[in-house]
Amino acid sequence: MIFATAGHVDHGKTTLIQAITGVNTARLPEEKKRVMTIDLGYAYWPQSDGSSVGFVDVPGHEKFLANMLAGIGGIDHVLLVVACDDGVMAQTKEHLAILRLIGCPAITVVLTKADRVASLRVVDVRQQIEYELATQGWIGAPLFITAATDEESIALLRQHLLQLHQQNRQHEKLNQRFRLAIDRVFSVKGAGLVVTGTALAGRVSMGISSG
């Protein structure tokens, strides 16, 4: 199963994925310099049964909206990230509107940076996002309060994601023809053209036709 992030710039999407998987999705020098996601980032969380949980980290800045749209195409479940110090912001609302328009019904809300504010502020931000979700048509979305340094809060979120992953595996479209939503095309020195994307159906293996 593949999850995509959504949310305002600097609300901790990349840090959250790293806390869950141990992988830093910031790969471009400019991203590391500015501490801001510019292009799509990817992380995989291998499981003991041989499967993997995948994550697509999308930009939150309004200037990179096109990259955000590329990242959520074909994604079944979105992690809506809202920082407790900022609360609901412009791209929080914009990303929610986009998710509604493309028909993405499955959202898990993750409040980040809870360790930076008082408990009353956390309650206030929770009410903000629940109101915004209800306004745009989401009722009862799962919500987790986290801090990247609080392993207990991250563990609870991991457990939730694994439950969703197992449920999704029971309904995987493995018997259909392989379909790949292309996210990126780039060249690698010594290898040539590389195409990456999200598998929407079917599966492929080395030396085996997908049918």
By residue number, the members of region 71-96 that are buried (at least 23 other Cβ atoms within 10 Å of the Cβ), modelled with pLDDT of 85 or more and either more than 18 Å from Trp138 (Cα to Cα) or among the aromatic types (Phe, Trp, Tyr) (or both) are Ala83, Cys84
Identify the single condition in (1) assigned to a helix (DSSP H, G or I); (2) at pLDDT 85 or above; (3) crowded, with 19+ Cβ neighbours inside 10 Å that Met68 does not satisfy, given that it satisfies every other one.
(2)
For the structure I just gave you, tell me whether Ile102 is open to solvent by 30 Å² or more (accessible area, probe 1.4 Å), in contact with a helix residue (DSSP H, G or I) (Cβ under 9 Å, 6 or more places away or on another chain), touching a residue at least 24 places away in the same chain (Cβ under 8 Å) and farther than 22 Å from Pro46 by Cβ.
yes
Determine whether region 126-145 contains at least one residue that is charged (D, E, K, R), over 18 Å from the mean Cα position of the chain (by Cα) and open to solvent by less than 60 Å² (accessible area, probe 1.4 Å).
yes
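Which one of these is over 14 Å from the mean Cα position of the chain (by Cα) and either in contact (Cβ under 8 Å) with a residue 40 or more places away in the chain or closer than 16 Å to Ile145 by Cβ (or both): Ala90, Ala97?
Numbers: Ala97 fails: either in contact (Cβ under 8 Å) with a residue 40 or more places away in the chain or closer than 16 Å to Ile145 by Cβ (or both).
Exactly one of Ala90, Ala97 is over 14 Å from the mean Cα position of the chain (by Cα) and either in contact (Cβ under 8 Å) with a residue 40 or more places away in the chain or closer than 16 Å to Ile145 by Cβ (or both), namely Ala90.
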Please determine, by comparing only the residues of region 22-35 that are in a loop (DSSP other than H, G, I, E, B) and open to solvent by less than 30 Å² (accessible area, probe 1.4 Å), which one is modelled with the highest pLDDT.
Thr25
Candidate set: region 1-21, residues that are open to solvent by 10 Å² or more (accessible area, probe 1.4 Å) and in a loop (DSSP other than H, G, I, E, B); chosen: the one nearest to Gln47 (Cα to Cα)
Met1
Just the residues that are modelled with pLDDT of 80 or more and either among the acidic types (Asp, Glu) or in contact with a Leu (Cβ under 9 Å, 6 or more places away or on another chain) (or both), please, taken from region 187-204.
Ser187, Val195
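Would you point out the residue of region 120-163, among those that are acidic (Asp, Glu) and touching a helix residue (DSSP H, G or I) at 6+ places or on another chain (Cβ under 8 Å), that is nearest to Ala106 (Cα to Cα)? Walk me through it before giving the result.
Initially, region 120-163 is screened for residues acidic (Asp, Glu), giving 124, 130, 132, 150-152.
Now restrict to residues that are touching a helix residue (DSSP H, G or I) at 6+ places or on another chain (Cβ under 8 Å): 132, 150.
Working: Glu132: 15, Asp150: 25 Å.
The selected residue is Glu132.
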Pairing a residue in region 105-126 that is more than 17 Å from Leu157 (Cα to Cα) and assigned to a helix (DSSP H, G or I) with any residue that is open to solvent by 30 Å² or more (accessible area, probe 1.4 Å) and not aliphatic (A, V, I, L, M), where Cβ atoms lie under 9 Å and the two sit 6 or more apart in sequence or on different chains, gives Arg116/Asp85; Arg121/Asp85; Val125/Asp85; Val125/Asp86
Name the pairs: first residue in region 147-162 and farther than 12 Å from Ile17 by Cβ, second residue among the charged types (D, E, K, R) and part of a helix (DSSP H, G or I), Cβ to Cβ under 6 Å, at least 6 apart or on different chains?
Ala147/Asp115
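The values are calculated or read from the model by the stated rules, or taken from the named source; none is laboratory data. Quick caveat: nothing in here was measured; it's all calculated off a predicted structure. For neighbour counting, all protein chains shown are included, and Cβ atoms are generated from backbone atoms with ideal geometry for every residue, glycine included. Only protein heavy atoms, including side chains, enter the accessible area calculation; ligands, DNA and RNA are left aside. Shrake-Rupley method; radii C 1.70, N 1.55, O 1.52, S 1.80 Å.
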